[in-house]
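The values are calculated or read from the model by the stated rules, or taken from the named source; none is laboratory data. Here the structure is a predicted model, which means the values were calculated and not measured. Cβ atoms come from the backbone with ideal geometry, glycine included; neighbour counts cover every protein chain shown.
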């Protein structure tokens, strides 16, 4: 059985968890109306607020400078502005939404996956929270209409959409500055910032990484901790030459790289054409 057949079967059986990165937005018809990468986002932020040259191209460092010298409310306002446009879902996201998957992980700040889920029944959202705004609370639960939910409510949902670093939708929570991540990384090894429902769902399941990069230690750490204690077989659609750190990470986590452009993989997946070698 080819990798694409295995993935299709796993998705349809609810045994594969999609893990979506910012590059999924490159598939938005007509182009994404919001920043589709950390590099594009930090360029937007630093065009509005001057930051030191040494952190100008670093998203978390620039966000921290703005937070320190302009107040937390300023970085939240800037993030709201950057992601104010509603993003139409890609065909890939719309397909994933129809499968009734128990868990979808979305690791960017836009609302495209929420838009894909509209019309589906029995779903809700878990969103990572900044300790600077919600001290002692690591995540929040929300119904699709944005109203507050609870862990008990989440137990009844067919699909959980999990935003580990926050999102504009539904509650404008963002993990974006150095201090946001320091707080989470201090606890993430013992899994405190990860909802119990996510831990339960991932057990024995596989992950499929789409539109993700593993170039930074931050990206690798979040992926490693979210997939912790899941199965021992995963896939990542990732094209081009990989760095030594990326190769090591994929090998350590038993993630099989599928070397093709995400658009080509999505087309194969949607057409259900078994053309990717295992």
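Per-residue answers, yes or no, for (1) part of a helix (DSSP H, G or I); (2) touching a strand residue (DSSP E or B) at 6+ places or on another chain (Cβ under 7 Å); (3) at pLDDT below 95:
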| position | (1), (2), (3) |
| --- | --- |
| 26 | yes, no, no |
| 29 | no, no, yes |
| 36 | no, no, no |
| 40 | yes, no, no |
| 44 | yes, no, no |
| 65 | yes, no, no |
| 77 | yes, no, no |
| 89 | no, no, no |
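Conditions first: (1) closer than 24 Å to residue 237 by Cβ; (2) surrounded by fewer than 20 Cβ atoms within 10 Å (Cβ to Cβ); (3) free of Cβ contacts under 8 Å to residues at least 60 places away in the same chain. Residue 114 passes all but one, so which condition is the exception?
The single condition residue 114 does not satisfy is (2).
Taking the condition closer than 30 Å to residue 73 by Cα, surrounded by fewer than 19 Cβ atoms within 10 Å (Cβ to Cβ) and either over 17 Å from the mean Cα position of the chain (by Cα) or in contact (Cβ under 8 Å) with a residue 60 or more places away in the chain (or both), does residue 218 pass?
Criteria met by residue 218.
For the range 249-262, what are the residues that are surrounded by fewer than 14 Cβ atoms within 10 Å (Cβ to Cβ) and assigned to a helix (DSSP H, G or I)?
251, 252
Would you pick out the residues in the range 61-102 that are farther than 30 Å from residue 29 by Cβ and surrounded by fewer than 21 Cβ atoms within 10 Å (Cβ to Cβ)?
61, 68, 69, 70, 71, 72, 73, 74, listed by residue number.
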